[in-house]
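What follows is a single structure, written as structure tokens, with notes after it.
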Amino acid sequence: MRILAISGSLRRDSYNTALLRAARDIAPAGVAVELYDGLAAIPAFNEDLEGDPPAAVADLRGRIAEADALLVATPEYNGSAPGALKNALDWASRPRGAGVLIAKPAAVIGASPSSFGAQWAQEQIRRALMLSGAMVVDPELAVPKVNEKVVDGELVGQPTPSRRSRRKGRSVL
């Protein structure tokens with residue numbers, strides 16, 4: 001199984017990218033997690049170009065099409081998902097009715113220095129994926145106070161539940 005992992009953060013020392021590297025490192029035998037690093041090159045969505053997309057968009061669409069599943073990690077800025085990530089999903093959802101997200105299994109995770117672990121941003125990205133036809137898995141992973149859990153770009157520490165995840169019976173880091 002091949003999973004394409006997309007971080008919604010463009011920051012060099014991104015907590016969410018560290019989360020995806022940890023997922024790659026603990027993936028079981030037979031599961032390859034490929035980190036997508038082209039988000040910064042995706043231009044703003046332009047419907048005039050959807051039939052003949054820029055090279056960076058064609059590359060993203062191709063990688064999503066080739067993957068068996070998606071793992072999206074999102075930070076949260078001002079209570080919402082980052083624009084670059086939503087923009088990439090808009091490109092991947094097109095052309096309408098034939099986008100590469102249709103029937104693609106997807107999971108959304110997120111990390112934030114806040115006490116909530118990017119839960120609002122995760123909800124927005126989950127909704128965008130579902131409306132694009134992806135099959136979004138129900139469990140979520142919210143990593144609150146991630147700045148205390150990433151050292152030198154690596155995820156460290158023991159799992160701790162967030163309030164929301166505890167209510168839903170879900171574990172988080």
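General remarks:
- Matching residues in the stretch 95-114 - criterion: being surrounded by fewer than 21 Cβ atoms within 10 Å (Cβ to Cβ) and either touching a Lys or Arg at 6+ places or on another chain (Cβ under 9 Å) or under 23 Å from residue 141 (Cβ atoms) (or both): 103, 105, 113, 114
- Only one of the numbered conditions (1) under 30 Å from residue 150 (Cβ atoms); (2) surrounded by 12 or more Cβ atoms within 10 Å (Cβ to Cβ) is violated by residue 54, and that is (1).
- Residue selected from the stretch 158-169 under the condition more than 19 Å from residue 123 (Cβ to Cβ) and exposed (fewer than 12 other Cβ atoms within 10 Å of the Cβ), by the criterion modelled with the highest pLDDT: 158
- Contact map, the stretch 143-161: first residue closer than 13 Å to residue 75 by Cβ, second residue acidic (Asp, Glu) and modelled with pLDDT of 70 or more, Cβ cut-off under 8 Å, separation 6 or more or different chains; the map is empty.
- Qualifying position, being in contact (Cβ under 8 Å) with a residue 40 or more places away in the chain and not hydroxyl-bearing (Ser, Thr, Tyr), among 66, 34: 66
- Scanning the stretch 124-134 turns up one or more residues that are in contact (Cβ under 8 Å) with a residue 60 or more places away in the chain, surrounded by 15 or more Cβ atoms within 10 Å (Cβ to Cβ), out of contact with any helix residue (DSSP H, G or I) (no Cβ under 7 Å at 6 or more places or on another chain) and under 27 Å from residue 51 (Cβ atoms).
- Evaluation of residue 117 against (1) over 11 Å from the mean Cα position of the chain (by Cα); (2) closer than 19 Å to residue 19 by Cα; (3) without any contact (Cβ under 8 Å) to a residue 40 or more places away in the chain; (4) surrounded by 22 or more Cβ atoms within 10 Å (Cβ to Cβ) (one fails), failing number: (3)
- Single condition residue 68 does not satisfy, out of (1) of a type in the set (Asp, Glu); (2) more than 23 Å from residue 136 (Cβ to Cβ); (3) under 17 Å from the mean Cα position of the chain (by Cα): (2)
- Residue within the stretch 68-77 that is over 22 Å from residue 98 (Cβ atoms) and surrounded by fewer than 16 Cβ atoms within 10 Å (Cβ to Cβ) present: yes
The values are calculated or read from the model by the stated rules, or taken from the named source; none is laboratory data. None of the values given here were measured: they were computed from a predicted structure. Heads up, the Cβs are rebuilt from the backbone with ideal geometry, glycines too, and the neighbour counts pull from every protein chain shown.
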